[in-house]
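Peer 1: Here it is, the structure, as structure tokens.
The values are calculated or read from the model by the stated rules, or taken from the named source; none is laboratory data. Since the structure is predicted, the reported quantities are computational estimates derived from the model, not experimental observations. Positions of Cβ are generated from backbone atoms using ideal geometry, with glycine treated the same way; all protein chains shown enter the neighbour counts. Note: accessible area is taken over every heavy atom of the protein model, side chains too, but ligands, DNA and RNA are not part of it. Shrake-Rupley method; radii C 1.70, N 1.55, O 1.52, S 1.80 Å.
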Amino acid sequence: PADLIDQHLKNYGQAPLSKGELVYDRDICEATGYEPDAGMKRLSLWTETINGKPAAKHTYVMGVDIAAGGGASDSVLSVADLQSGSKVAEFVTRHDDPQYVAGYAAALGRWFEDERGVPALIVAEGNGPLNRAFLRKLMELSYENLYYRRSKEGSLNEKPSDMPGWGAGRNTKHELLADYAHALSTGDYVNRSLEALEECRHYVYCADGSVEHVQARGSL
């Protein structure tokens with residue numbers, strides 16, 4: 001709802017503390033540092049870094065949305081801090097393919113490792129060729145912490161399967177967005193990104209009761 005987005009923007013929306021680029025080895029996708037105001041400034045941070053790294057005593061999770069990389073829509077990586085319940089990083093690119101984004105995601109997830117050295121849990125959609133290409137690349141890179149689809153996604157007796165990626169469908173997408181709206185309304189999740197909050201306005205209910213992004217709806 002528009003009033004929910006307006007209220008969350010008023011309460012929490014803010015410009016990033018810094019924008020820059022992650023510095024990483026592209027062969028093994030291990031981060032070596034972060035350079036503010038560097039390159040295309042595709043990485044936004046709402047957290048301070050200590051000795052060139054985020055706080056290690058926190059646990060992080062990364063949500064992923066993959067596009068083709070042809071300039072029509074964005075691929076986005078969003079990193080949340082589970083302790084504070086807030087977004088701490090956002091990477092956006094419109095011109096990089098899924099394999100490149102997977103390498104960046106691996107390096108970014110490893111940069112956001114916890115005190116045990118466990119990288120951020122990466123949760124990506126498992127449907128469609130672009131998402132599968134992204135996940136295959138992560139597996140080739142031996143990324144250590146991937147989300148695996150539940151055997152009965154959305155049911156009360158979910159069990160992990162051997163398939164990486166979240167299973168998007170009419171019901172699971174509806175439940176996800178409803179849970180997200182609730183988390184924003186209660187402050188259980190704080191999204192400080194002005195652009196991401198404005199993007200929420202582009203989700204609409206279709207005549208059949210499903211929920212779609214207006215851009216995806218226009219391509220149906």
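Peer 1: Does residue 68 meet the test of being under 19 Å from the mean Cα position of the chain (by Cα), in a loop (DSSP other than H, G, I, E, B), of a type in the set (A, V, I, L, M) and more than 25 Å from residue 98 (Cβ to Cβ)?
Peer 2: Details: under 19 Å from the mean Cα position of the chain (by Cα): yes; in a loop (DSSP other than H, G, I, E, B): yes; of a type in the set (A, V, I, L, M): yes; more than 25 Å from residue 98 (Cβ to Cβ): no.
For residue 68, the condition - under 19 Å from the mean Cα position of the chain (by Cα), in a loop (DSSP other than H, G, I, E, B), of a type in the set (A, V, I, L, M) and more than 25 Å from residue 98 (Cβ to Cβ) - is not met.
Peer 1: Same structure again: For segment 124-148, give me each residue that is basic (Lys, Arg) and surrounded by fewer than 18 Cβ atoms within 10 Å (Cβ to Cβ).
Peer 2: Scanning segment 124-148 gives 132, 136.
Peer 1: For residue 31, are the conditions met, namely being of a type in the set (A, V, I, L, M), surrounded by fewer than 17 Cβ atoms within 10 Å (Cβ to Cβ) and touching a residue at least 12 places away in the same chain (Cβ under 8 Å)? Reasoning before the result, please.
Peer 2: Numbers: of a type in the set (A, V, I, L, M): yes; surrounded by fewer than 17 Cβ atoms within 10 Å (Cβ to Cβ): no; touching a residue at least 12 places away in the same chain (Cβ under 8 Å): yes.
Answer is no for this residue.
Peer 1: I would also like to ask the following. Suppose the filter is of a type outside the set (Gly, Ala, Ser), closer than 27 Å to residue 176 by Cα and open to solvent by 10 Å² or more (accessible area, probe 1.4 Å); does residue 76 pass it?
Peer 2: So residue 76 passes the test.
Peer 1: Give me the pairs: first residue in segment 94-123 and farther than 16 Å from residue 43 by Cβ and surrounded by fewer than 22 Cβ atoms within 10 Å (Cβ to Cβ), second residue at pLDDT below 95 and among the small types (Gly, Ala, Ser), beta-carbon distance under 6 Å, and six or more apart or on different chains, which are they?
Peer 2: If the second residue must be at pLDDT below 95 and among the small types (Gly, Ala, Ser), the pairs left are 97/69; 115/56.
Peer 1: Same structure again: Would you check which residues across segment 43-62 are closer than 24 Å to residue 131 by Cα and buried (at least 20 other Cβ atoms within 10 Å of the Cβ) and list them?
Peer 2: The answer is 43, 44, 60, 62.
Peer 1: Can you name the number of the only condition in (1) surrounded by fewer than 17 Cβ atoms within 10 Å (Cβ to Cβ); (2) farther than 18 Å from residue 184 by Cα; (3) touching a residue at least 12 places away in the same chain (Cβ under 8 Å) that residue 24 fails?
Peer 2: Against the list (1) surrounded by fewer than 17 Cβ atoms within 10 Å (Cβ to Cβ); (2) farther than 18 Å from residue 184 by Cα; (3) touching a residue at least 12 places away in the same chain (Cβ under 8 Å), residue 24 comes up short only on (1).
Peer 1: Right, something else. Name, by its number, the condition in (1) of a type outside the set (Lys, Arg); (2) more than 16 Å from the chain's Cα centre (by Cα); (3) open to solvent by 70 Å² or more (accessible area, probe 1.4 Å); (4) within 26 Å of residue 176 (Cα to Cα) that does not hold for residue 82.
Peer 2: (2)
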